[in-house]
Amino acid sequence: MFPQKRRNPTPNPSPQARRGKSTPASVNPSLQARRGKSTPPSLLAERRGVRLFQSIILLAILVIFTTNTLIASAHKVTTAADVGATLHLEPNDNPRAGEATKTWFALTRKGGKAIPLAECNCQLVVYAEPHSPKEPPLLEPPLQPVTAERYQGIPGTEITFPRPGAYQLQLSGKPKDGRSFQPFELKFAVTVAAGSASTQESAKVQNVNQNLENVTEEQTQGIPLWAIALSGLLAVGVFFGVLRMVKRR
């Protein structure tokens with residue numbers, strides 16, 4: 001008789017296995033905490049308030065930065081050799097046609113020291129853009145010493161631009177002592193908005209158009225009524241005459 005082979009003993013199944021249930025897998029405790037607990041409404045409102053406050057601060061910083069950039073770009077700065085100047089147009093660097101515009105130049109040499117008009121043979125000319133190199137200037141306003149902000153005796157004047165559009169201001173000068181600074185020529189681009197001059201021109205155009213309309217009305221009213229009636233009768237007669245000729249054919 002051959003010895004019988006021993007069978008591997010079957011492990012005793014757990015009660016859960018016998019019942020048809022498997023052991024639940026391990027669950028992440030943080031996931032259970034998130035599932036079991038919801039954020040309180042007060043905490044949500046607090047978070048939203050913090051985000052709104054941060055957005056307001058960022059918006060305020062952006063507005064301040066943009067405003068400062070626009071103010072800085074409004075003043076036109078030009079340099080040449082060892083001399084520089086900042087152009088100021090009043091009011092608010094927004095000249096208007098037909099209105100006197102106070103104009104002054106913060107003229108300084110290298111290092112920031114101001115150059116008063118008393119130390120400079122300066123000249124200002126104004127060109128309407130576009131212009132050719134040999135074209136004479138449109139305006140040559142005389143310069144006078146003015147005091148503005150922290151500058152005293154710097155070149156200044158009043159300019160009345162005749163019409164809106166683009167202009168170029170050229171400020172040139174030489175030192176009176178011949179050695180304080182190098183001769184210079186500074187160019188500034190200026191855009192002039194519509195003002196009283198353009199308003200007057202528009203009023204003139206309207207008056208001309210109104211006069212033309214009045215003349216036309218007077219000419220129309222001057223035609224006698226009998227002439228108008230006679231023209232109508234002739235037109236009707238011609239119409240009926242042509243109609244009869246067509247019928248005969």
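Figures for the structure shown
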quantity	calculated
Pairs, first within 18 Å of Phe105 (Cα to Cα) in segment 171-185, second in a loop (DSSP other than H, G, I, E, B), C-beta under 6 Å, six or more apart	Lys174/Pro183; Pro175/Phe181; Phe181/Asp82; Gln182/Ala81; Gln182/Asp82; Phe184/Ala81
Count of residues meeting criterion [in contact with a His (Cβ under 9 Å, 6 or more places away or on another chain) and either within 22 Å of Lys110 (Cβ to Cβ) or modelled with pLDDT under 95 (or both)] in segment 127-155	2
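For every residue, the table says whether it meets (1) closer than 16 Å to Tyr167 by Cα; (2) aromatic (Phe, Trp, Tyr); (3) out of contact with any Gly (no Cβ under 8 Å at 6 or more places or on another chain).
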| site | (1), (2), (3) |
| --- | --- |
| Leu87 | yes, no, yes |
| Ala100 | yes, no, yes |
| Phe105 | no, yes, no |
| Lys113 | no, no, yes |
| Pro116 | no, no, no |
| Val126 | yes, no, yes |
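The values are calculated or read from the model by the stated rules, or taken from the named source; none is laboratory data. None of the values given here were measured: they were computed from a predicted structure. Cβ: placed from backbone, ideal geometry, glycine included. Neighbour counts: every protein chain shown.
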